[in-house]
Amino acid sequence: MADENGFEITQHQGAWDIRMWWPSGPVTGGPQRITIEQAENAPARDVARGISTTVLRRLDLTEAVRAMQERAPSLEEEAREIGQAIEEAGKGAGRLLAMQGVSVPYLVVLSTVYVQMANMGATRPVDWLAQLIERRPETVRDHLKKARRDGYLSSLAGKAGGELTEKARAVLDSMPEAGEAG
């Protein structure tokens, strides 16, 4: 089941539904998120006892990973398409930089592509971005720092990525080519 830029598998254990979520892209390991919720029509007495260690021990991660990998060919095609869209948007950021310098539209498009790369689990997104805009990674890092200082991109302590701010979304909404860049 597709869910917020990823895929989910549900296992039922007693009174509980266990949902495991993977981001879009190749399945390289276990889920990135596990949610346990009361199953529909679960007996009230079982729910009242709460989630037990037995429920957790019965969680079959191996089967969930195998099921996701069976779906991998279609997921890999989707990942390829997403990767191509990100590459095009990154090249668009490079064109903006060449035409306008370190402008607000450039910083917002650069931040958008960076967030997409980080969200899809790209390793070394700054290096990938640097290749796309034909600049050094240090330059891209400086531009992302400026985007953060100027209020277009939030930070995630110790991790790549962040989130676009409302200020950045307003800029994207006002850009005629925003659909191509984001």
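For Gln84 and Ala48 in one chain, what is 0.36 nm times their gap in residues minus the Cα-Cα distance, to one decimal in nm?
8.1 nm
For Lys145, what accessible surface area do you get with a 1.4 Å probe? Give it in Å², rounded to 10.
Its heavy atoms expose roughly 110 Å² to the probe.
Obtain the nm distance between the two label points defined at Thr10 and Glu166 by a simple spin-label model: each point lies 7 Å from its Cα along the Cα-to-C-beta direction.
3.4 nm
Label Val55 and Val102 with points 7 Å out from Cα along Cα→Cβ: what is the distance between them in nm?
5.1 nm
Sketch the reach of a paramagnetic label on Arg19 as a point 7 Å from Cα along Cα-to-Cβ, and name the residues of region 37-57 whose backbone nitrogen lies under 11 Å away.
Label zone hits: 37-38.
For region 1-157, what % of the accessible area comes from carbon and sulfur atoms, probe 1.4 Å?
49 percent
What order, most packed first, do the peptides 132-143, 41-52, 84-95, 59-70 have when packing is the mean number of other Cβ atoms within 10 Å of each residue?
Descending packing order for the listed peptides: 84-95, 132-143, 59-70, 41-52.
Using a 1.4 Å probe, what is the accessible area per residue for the chain, in Å²?
Per-residue value: 58 Å².
In whole percent, what relative contact order does the chain give with Cα contacts below 8 Å and a gap of six or more residues?
Across the chain, relative contact order equals 17 percent.
Is there a quick way to get the dipole size of the chain? I mean about its Cα centre, with the Cβ of Lys and Arg at +1 and of Asp and Glu at -1; what is the value in debye to the nearest 20?
Its charge dipole is roughly 820 debye.
How high is the relative contact order of region 86-131, given as a whole-number percent (alpha carbon pairs under 8 Å, six or more residues apart)?
Computed over region 86-131, the figure is 36 percent.
May I ask you to list the lysines whose Cα is less than 18 Å away from that of Lys146, ignoring any residue fewer than eight positions away on the same chain?
In chain and number order, the partners are Lys159, Lys167.
The values are calculated or read from the model by the stated rules, or taken from the named source; none is laboratory data. Computed from a prediction, not measured in an experiment: that's the story for all the values here. Cβ sites come from the backbone with ideal geometry, for glycine too, and all protein chains shown count toward neighbours. Just so you know, the surface numbers come from the protein's heavy atoms only, side chains and all, with ligands and any DNA or RNA stripped out. Shrake-Rupley method; radii C 1.70, N 1.55, O 1.52, S 1.80 Å.
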